[in-house]
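Below: the structure, in structure tokens.
The values are calculated or read from the model by the stated rules, or taken from the named source; none is laboratory data. Remember, predicted model here, so these are calculated numbers, not experimental data. Note that each Cβ is placed from the backbone with ideal geometry, even for glycine, and that neighbours are counted across all protein chains shown. Side chains included, ligands, DNA and RNA excluded: accessible areas come from the protein's heavy atoms. Shrake-Rupley method; radii C 1.70, N 1.55, O 1.52, S 1.80 Å.
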Amino acid sequence: GESGRRVFVIVRARVRVPSVKSQRLKGDIGFIRIDHFSQKTSIEVAEHLDALKESGALHGLIIDVRENTGGSMRHAARIVNYFVPQGVLVRTEGPDGQPVGKLTDRIEADKRRLRFEGPVAVLVDSRTASGSEIVAGGLKYLGRSITIGAQTFGKGTVQKVYPLRKEGKKVSMK
């Protein structure tokens, strides 16, 4: 319904899509939703967890990774470390249990990263996969959480990117 041209100025900028949301529930229970993994997810979880603790005592925490198809193994391990002071967070191995070249074979907990020692429940579903399974499974295996929901996707693999060369072009295989 407009006559004439309209001019728009579009400015390119980085768009930051937060991967973590949180809120305080009744009974002083914290709720953290991780809907995807990015390079900032473990930092975002720490910030949200700290904010929940600063707003008053937390009697427990719910971590929701339903519908989260995963991401970085290192960020997932770091999130597990926020709840456990020691233990093996992630272990990778190739055929016959051998290490895989240029792939981190083991990530251990660092007690300095511990942020919360109260009860933890993790919500999962059939689309919980990859890094989200590391969070859910790591917390359960290390005795730090109960898991509530449906069986997860069951990915069980870590991708590694192999650089290939093809006539000066950048080509990779995952």
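For the chain, which whole percent of the accessible surface, found with a 1.4 angstrom probe, sits on carbon and sulfur atoms?
Working: 6030 of 11830 Å².
Result for the chain: 51 percent of the exposed heavy-atom area is carbon or sulfur.
Let me have the 222 nm mean residue ellipticity of the chain computed from DSSP H runs of 4+ only, each contributing -39500 (n - 2.57), with the sum over all residues rounded to the nearest 500.
Working: 3 runs with 34 residues, N = 174.
Roughly -6000 deg cm²/dmol at 222 nm, from the helical runs in the chain.
Excluding ILE79 itself, calculate the net charge of residues whose Cβ lies under 11 Å from the Cβ of ILE79, where each Lys or Arg counts +1 and each Asp or Glu counts -1.
Values: positive: ARG74, ARG78, ARG113, ARG115; negative: GLU44.
Result for the local shell: +3.
So which of LYS40/LYS166; LYS102/LYS174; LYS26/LYS53; LYS53/LYS111; LYS21/LYS155 end up more than 22 Å apart, counting from Cα to Cα? Mind showing how you got there, number by number?
Details: LYS40/LYS166 33 Å; LYS102/LYS174 14 Å; LYS26/LYS53 14 Å; LYS53/LYS111 19 Å; LYS21/LYS155 25 Å.
In this structure, LYS40/LYS166; LYS21/LYS155 exceed 22 Å between Cα atoms.
Of the listed values [x] 1, 8, 17, 20, 19, 16, 11, 6, 2, 1, 0; [y] 2, 8, 13, 14, 12, 12, 8, 7, 6, 5, 4, 3, 2, 1, 1, 1, 0, 0; [z] 1, 8, 14, 18, 17, 13, 8, 6, 5, 4, 3, 2, 1, 0, 0, identify the label whose number matches P(r) over Cα pairs in 5 Å bins from 0, in percent calculated from this model.
Recomputing P(r) over Cα pairs in 5 Å bins from 0, in percent here gives the entry labelled [z].
Based on Cβ point charges of +1 for Lys and Arg and -1 for Asp and Glu, what charge dipole magnitude is obtained for region 4-124 about its Cα centre, in debye rounded to the nearest 20? Don't skip to the answer; put the middle values down first.
Values: 21 positive and 14 negative charges, 159 e Å.
It comes to approximately 760 debye.
Rounded to the nearest Å, what's the spacing between the alpha carbon centres of region 146-173 and region 19-74? Just the number, please.
24
Taking only protein heavy atoms and a 1.4 Å probe, what accessible area per residue, in Å², does region 55-163 have with all protein chains in place? Provide the component values of the computation, followed by the final result.
Working: 6090 Å² over 109 residues.
So region 55-163 comes to 56 Å² accessible per residue, rounded to a whole number.
Out of residues 5 or more away from ILE62 or on other chains, whose amide H comes under 5 Å of its own, with H placed 1.01 Å from N in the peptide plane?
Residues meeting the amide H criterion: GLY30, PHE31, ILE32, ALA121.
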